[in-house]
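The values are calculated or read from the model by the stated rules, or taken from the named source; none is laboratory data. Values in this document were obtained by computation on a predicted structure and should not be read as measured data. Positions of Cβ are generated from backbone atoms using ideal geometry, with glycine treated the same way; all protein chains shown enter the neighbour counts. The area values use the complete protein model at the heavy-atom level, side chains included, leaving out ligands, DNA and RNA. Shrake-Rupley method; radii C 1.70, N 1.55, O 1.52, S 1.80 Å.
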Amino acid sequence: MITRTECLTYLETLLEPNRFQDYCPNGLQVAGREQIENLVSGVTASQELLDAALDLGADTLLVHHGYFWRGEDPRIIGIKQRRLKQLLINDVNLIAYHLPLDAHPSLGNNAQLADLFELEVDGRISGTGDPAIGLCGCFSQEKSVPEFADNIRQVLAREPLVIQAHDRPMTTIGWCSGAAQGYIEQAAELGLDAFMSGEISEQTVHLARELGINYFAAGHHATERYGVKALGQHLAEQFGIQHQSIDIDNPV
Ligand SMILES: [Zn+2]
C-alpha cells in the first residue's frame, strides 16, 4: 500500500508532465481514497472501464485518456456527471497521463510499440509539438508492405489501413501512437520509408502518396494499449500494490 501523495510525487518525477503543453490536466484528475492498494489501468476512462474497474474493487483508476479536455463544455452534466458521480460515490482516484505517457522513453506508448515491433530507436519525431513524442528508427530486418501489415495484425490484433506509396523494401520507419497522422510530413522529410500512427485522415492518403512514404494506420486505441499497462505494472512492482489492466475494445 502507498499513499496517493507518494504515488503522485513518484509519477511527477517519472513522467515530468510539466515539460508538456497538453490538452488536459496530467496527474490526479479526481480525488478518491488517500491510500492506493488496488490499481486498475485502461486506455480511456469511459463508463464501461469505470464499471469494470469497480467490479474488480479498484481504489484507483489509471488511464491515458482522462477528462477535462481543452475546449470541452465545463458543465458537470450528462455523461460527465454520470462518470464523475460514480468515481466520487465510490471514492475512486482517477489518475491520467496523456502526452507524458506517449513520450516516456521506456514505459511510453511509443517505446512500447518499439519493443512490440522490434524497432530500433534512433531519433524522435515531434510534429509541431515540443518535446517530441514520436520515435523513428529501423526495422530489425527489411520488410515489405504486406509483411509489416501482417506484423501489425499479429501484434495488435488489428487490421491496419495501409496506404502504399512505394514498393521498395522498408528499412526505416517513424511512429507515433494515437492521432499523430499529421507527423507523416516530418517522417517524409527525414527520408523514412514508412510511418505508422493510430488514425488516418482523408488528407493523409494524398500526403502519403505525394510524399512517397508508406503509411500504416494501426488504430488509435490499439497503439495506445501498452503505455498505461506498462505504467500500471511498473507501479505495482515499485510499490507492491495490486494492478490489473482492462482492455475495453475500440475499433478506432
Ligand atoms: Zn490518444
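Top to bottom by accessible area (1.4 Å), largest first, where do Trp175, Trp69 land?
Numbers: Trp175 0, Trp69 70 Å².
If we order Trp175, Trp69 from most to least accessible, we get Trp69, Trp175.
Rounded to the nearest 20, the Cβ-based charge dipole of the chain about its Cα centre (Lys and Arg +1, Asp and Glu -1) stands at 600 debye.
Ranked highest first by average number of other Cβ atoms within 10 Å, how do 210-217, 54-61 line up? Before the final figure, lay out each step's value.
Values: 210-217: 20.6, 54-61: 18.9.
Answer by packing, highest mean first, reads 210-217, 54-61.
Sparsely packed loop sites in the stretch 76-147 (the GluC sites (Glu not before Pro) outside DSSP H, G, I, E and B with at most 15 other Cβ atoms within 10 Å) comprise Glu118.
If you count, for each residue, the other Cβ atoms within 10 Å and average over each peptide, how do 13-24, 42-53 line up from highest to lowest?
Working: 13-24: 14.7, 42-53: 19.9.
Ranked from most to least packed, the peptides come out as 42-53, 13-24.
Counting pairs of alpha carbon atoms under 8 Å apart in space and at least six apart in sequence, what relative contact order in percent does the stretch 149-252 give? Let's see the in-between values first.
Values: 170 pairs, mean separation 29.0, N = 104.
Relative contact order of the stretch 149-252: 28 percent.
Entry note, the stretch 14-158: relative contact order of 24 percent, from Cα contacts under 8 Å with a spacing of 6+ residues. Computed on the chain, with alpha-carbon pairs under 8 angstrom and 6+ residues apart, the relative contact order is 21 percent.
Between Gln238 and Arg33, full extension at 0.36 nm per residue minus the direct alpha carbon distance yields a gain of 71.9 nm.
Would you calculate a helix-derived [θ] at 222 nm for the chain, using -39,500 (n - 2.57) for each DSSP H run of n ≥ 4 and dividing by the full residue count, to the nearest 500?
Details: 10 runs with 93 residues, N = 252.
Counting only the DSSP helices, I get -10500 deg cm²/dmol.
The phi torsions of the stretch 62-76, fed into the Karplus equation with coefficients 6.51, -1.76 and 1.60 and a -60° offset, translate into couplings of 10, 9, 8, 10, x, 10, 6, 6, 3, x, 7, 4, x, 5, 8 Hz, rounded to whole numbers, with Gly and Pro shown as x.
Using the membrane-span-like helix rule (whole DSSP H runs, Cα extent along the own axis of at least 18 Å, mean Kyte-Doolittle hydropathy at least -0.5), which helices of the chain qualify?
Numbers: long enough: 225-239 (22 Å, -0.40).
Once both thresholds are applied, what remains is 225-239.
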